[in-house]
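In what follows, a structure is listed as structure tokens, so that the remarks can point back to it.
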Amino acid sequence: MDSGDTAFMLVASALVMLMTPGLALFYGGLVRSKNVLGTMLQSFICLGVVSILWVLGGYSLAFGPDVGLFIGNLDWFALNAVGTAPGPYSDSIPHLVFCAFQLMFAILTPALITGAFAERLKFSAFMAFTILWSLLVYAPVCHWVWGGGWLAKLGALDFAGGTVIHINSGVAALAAALVVGKRKGYQREPFPPHNLPMTVLGAGLLWFGWFGFNAGSALSAGEIAALAFLNTQVATGAGAVSWILAEWVRLGKPTTLGAATGVLAGLVAITPAAGFVGPVSAVVIGLVAGVVCYGAVIAKERLGYDDSLDVVGVHGVGGLWGALATGLFASTAANPDGVNGLFFGNAHQFFIQAVGAAAALVYSFVLSWVLFKLIDAVIGLRVPLEDEVQGLDLTQHSETGYTWT
Amino acid sequence: MRKIEAIIKPFKLDDVKEALNALGVTGMTVSEVKGFGRQKGHREVYRGAEYVVEFQPKLKLEIVVDSELTERVVDAILKIARTGKIGDGKIFVFPVEEVIRIRTGESGAGAI
């Protein structure tokens, strides 16, 4: 056990925790004022619900002893055998610290999906989905990549969760948008964000917390954490710059929301690569992410599905780009314990990355689709039309975000 | 007596107020309003989705003056509030039957 590593990982875990309320602010600002609380609560309550799931069985399913390279078993139910002694994933920190760090990821991921069905889903349906999805989709995919599952055996690289968190949530978001359906008035009336300053604050907190997310994924306060930290910063800045440049060229003006969204695109894209690539590659990954995700968000308008807050365009497409980019830019010059990617003479890694991304894509899409259909049949997904028009804050929670005097 | 209602661009308020004070106009009521004429709306862009917002923010000035002052007040607003670009606003003139000052109960031109 190493006290420096432990201190670093406790702080990193706390930083990742902050991303969820940061996401609540980011999403909350983007919806109409009548839905601000309902939207923020869907992120915020994940801090409660997923924490309970994680202690009971979530952690064991994701990281417990392997069953068929697909999922963990329930030997660690109720954190049995998960204690203060170092665990199998790191010699230098208490097993409980690793468990807590991973819990923060497990909380954030379902919270990300809520952006897809914002402004129309019943809170009860959201709760049912979050519980089932965390256990049936998040835990297995997490196990495949980080828990010693088949993608880990295959050699797929995912430093901090491009596949586990962003492709996974982005694809679930696509299933959500397709099954739940469009908001009333979508593409006929504007749904302008009600508070963009709040969204920018949320983006800032996400960026800040992401240092814990990426640097912490090194699991020690050493060279690779330093690499991941710097890569996170430069790729994210590049994402913001390239998004507003793309807007500027296309529509004549750079926008604040564009910069905030470009930040997210850069963060998402660098996540799987953060500890495997050099800083110049990170800038390129961020620059491409801003433009690609902007294109994906515009494509949504044309394709006509209603992913309210662009989870598919930013997390799905950004995560996919990041996973593939890891297979392009990974370099043993940056991380001697890593591998080389396509641009450094190892085309096979790119192939592995594509397999990993495709597996998460298919699995998450199919399971998420089935879960939404199932919940729709049992308790119903959407609020009544009248409640949707009135706003979810009042009709689902009997409160309002703002009192106008 | 006449009531002059002028819809103007917000940034012109101070200049118009000064010009009317100089003419001897003693009071006015100003409201923030929204509306559109031939100018129509403006464009807002959120992540590539464009919205046309029809209503533009404007100010509405309500000024009651003695009939003989009407023309000079209208001329002053015309001169000051004009930028020559679309969306400068409009002026409406109404007849006023009676004006009564609540504090004293006096009425007619003296109550303006």
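Using only side-chain charges placed at the Cβ, +1 for Lys and Arg and -1 for Asp and Glu, the dipole size of region B:2-111 relative to its Cα centre rounds to 520 debye.
With a cap of 16 neighbouring Cβ atoms within 10 Å, and only residues DSSP puts in a loop, list the chymotrypsin sites (Phe, Trp or Tyr not before Pro) found in region A:339-405. Of the chymotrypsin sites (Phe, Trp or Tyr not before Pro), the ones in loops of region A:339-405 whose Cβ has at most 16 other Cβ atoms within 10 Å are A:402, A:404.
As a size descriptor, the averaged projected area of the C-alpha convex hull of region A:345-405 was calculated at 8.2 nm².
Hey, any idea what % of region A:227-310's accessible area is carbon plus sulfur with a 1.4 Å probe? Working shown, then result.
Values: 1960 of 2620 Å².
Accessible surface attributable to carbon and sulfur in region A:227-310 totals 75 percent.
Across all directions, the average flat footprint of the convex hull enclosing the Cα atoms of region A:257-405 is 12.6 nm².
Couplings 3J(HN,Hα) for region A:368-380, derived from phi with the Karplus relation 6.51 cos²θ - 1.76 cosθ + 1.60 (θ = phi - 60°), are 5, 4, 4, 4, 5, 4, 5, 5, 4, 6, 8, 10, x Hz, where x marks Gly and Pro.
Comparing A:51, A:364, A:60 in a Gaussian network model of chain A, where Cα atoms under 10 Å apart are tied by springs, the biggest mean-square fluctuation is seen for A:51. From the alpha carbon centroid of region B:19-60 to that of region A:23-78 is 47 Å.
Given a 1.4 Å probe and every protein chain left where it sits, what share in percent of the accessible area of region A:73-127 is carbon and sulfur? Please list the in-between numbers first.
Details: 1080 of 1700 Å².
The C+S portion of the solvent-accessible surface of region A:73-127 is 64 percent.
Relative to the first principal axis of the alpha-carbon coordinates of chain A, what is the inclination of helix A:196-215, with its axis defined by its Cα atoms, in degrees from 0 to 90 and to the nearest 10? With rounding to tens, the tilt is 20 degrees. Given R₀ = 51 Å, what would the calculated FRET efficiency be for residue B:101 paired with residue B:44, taking r from the Cβ atoms and rounding to 0.05? My answer for the efficiency is 0.70. Rounded to 0.05, the FRET efficiency of the residue A:351 and residue A:196 pair, given R0 = 56 Å and the Cβ-Cβ distance, is 0.85.
Pairing the Cα long axis of helix B:70-81 with the longest principal axis of chain B, what angle in degrees results, from 0 to 90 and rounded to the nearest 10? Relative to chain B, helix B:70-81 is tipped by roughly 30 degrees.
In order along region A:78-84, phi translates into HN-Hα couplings of 6, 6, 4, 6, 10, x, 7 Hz, rounded to whole numbers, per the Karplus curve 6.51 cos²θ - 1.76 cosθ + 1.60 with θ = phi - 60° and x for Gly and Pro.
Helix content alone sets the calculated 222 nm mean residue ellipticity of chain A: runs of n ≥ 4 DSSP H residues at -39500 (n - 2.57) each, divided across all residues, give -20500 deg cm²/dmol.
Think of each Lys and Arg Cβ as +1 and each Asp and Glu Cβ as -1; about the Cα centre, that makes the dipole of region A:279-405 roughly 600 debye. Over chain B, what percent of the accessible surface lies on carbon and sulfur atoms, probe 1.4 Å? C and S fraction of accessible area: 51 percent.
Using the Cα centre of region A:183-324 as the reference point, and only Cβ charges (+1 on K/R, -1 on D/E), how large is the resulting charge dipole? Debye, rounded to the nearest 20. Don't skip to the answer; put the middle values down first.
On the way: 7 positive and 7 negative charges, 65 e Å.
The calculation lands at about 320 debye.
For residue B:33, the residues 5 or more places off, or on other chains, whose built amide H falls under 5 Å of its own are B:58, B:59, B:60. On a per residue basis, chain A carries 36 Å² of accessible surface, using protein heavy atoms and a 1.4 Å probe. Across the options A:214, A:263, A:104, the greatest Cα extent toward the positive end of the charge dipole of the protein assembly as shown (unit charges at beta carbon of Lys, Arg, Asp, Glu) belongs to A:263.
Rolling a 1.4 Å probe over the protein chains gives residue A:337 an accessible area of about 140 Å². Using the Cβ-Cβ distance between residue B:52 and residue B:78 with R0 set to 22 Å, the FRET efficiency works out to roughly 0.15.
Quote to one decimal, in nm, the extra length available between residue B:91 and residue B:31 on full extension: 0.36 nm per residue of separation minus the C-alpha distance between them.
Details: separation 60, 0.36 × 60 = 21.60 nm, distance 1.46 nm.
Answer, rounded to one decimal: 20.1 nm.
Semi-axes of the equivalent ellipsoid of region A:157-313: what are they in whole Å, largest first, if each equals the square root of 5 times a C-alpha gyration tensor eigenvalue? Intermediate results must be reported in sequence, preceding the final value.
Values: eigenvalues 159, 62, 36 Å².
Computed over region A:157-313, the values are 28, 18, 13 Å.
Working note: Karplus 6.51/-1.76/1.60 with θ = phi - 60° gives region A:390-395 the couplings 5, x, 6, 4, 6, 7 Hz, where Gly and Pro are set to x. Measuring nothing but alpha carbons in chain B and taking Rh as the Kirkwood radius, the Rg to Rh ratio lands at 1.09. Annotation for region B:71-94 versus region A:197-273: alpha-carbon center distance of 50 Å.
Note on residue B:3: lysines with a C-alpha under 30 Å away, same-chain residues under 8 apart excluded, are B:12, B:17, B:34, B:40, B:58, B:60, B:79, B:85, B:90. Near residue A:90: Cβ cut-off under 15 Å, other residues only, Lys/Arg at +1 and Asp/Glu at -1. The net charge is -4. Here the Gaussian network model covers chain A, with springs between Cα atoms less than 10 Å apart; of A:393, A:158, A:307, A:393 fluctuates the most. Report, in whole Å, the centroid distance computed from the Cα atoms of region A:353-397 and region A:121-184. Region A:353-397 and region A:121-184 have Cα centres separated by 12 Å. For the chain pair A and B, the buried solvent-accessible surface (1.4 Å probe, both sides summed) amounts to about 1100 Å². Under 5 Å between amide hydrogens, built in the peptide plane, is the criterion, and for residue B:39 it picks out B:87 among residues at least 5 positions away or on other chains. Using the basic label-point model (7 angstrom from Cα toward the beta carbon), what is the residue A:402 to residue A:96 distance in nanometres? In this crude spin-label approximation the distance works out to 4.4 nm.
GNM on chain B, alpha-carbon springs under 10 angstrom: the most fluctuating residue among B:54, B:44, B:97 is B:44. Relative to its Kirkwood radius, the Cα radius of gyration of region A:3-397 gives an Rg/Rh of 0.95.
What Kirkwood radius, in Å to one decimal, follows from the Cα pairs of region A:1-114?
Numbers: mean 1/r = 0.0662 Å⁻¹.
Its Kirkwood hydrodynamic radius stands at 15.1 Å.
The values are calculated or read from the model by the stated rules, or taken from the named source; none is laboratory data. All figures in this text were calculated on a predicted structure; none of them were measured in a lab. Here Cβ is always computed from backbone atoms with ideal geometry, including for glycine, and neighbour counts include all displayed protein chains. Just the protein is used for accessible areas: all its heavy atoms, side chains included, with ligands, DNA and RNA removed. Shrake-Rupley method; radii C 1.70, N 1.55, O 1.52, S 1.80 Å.
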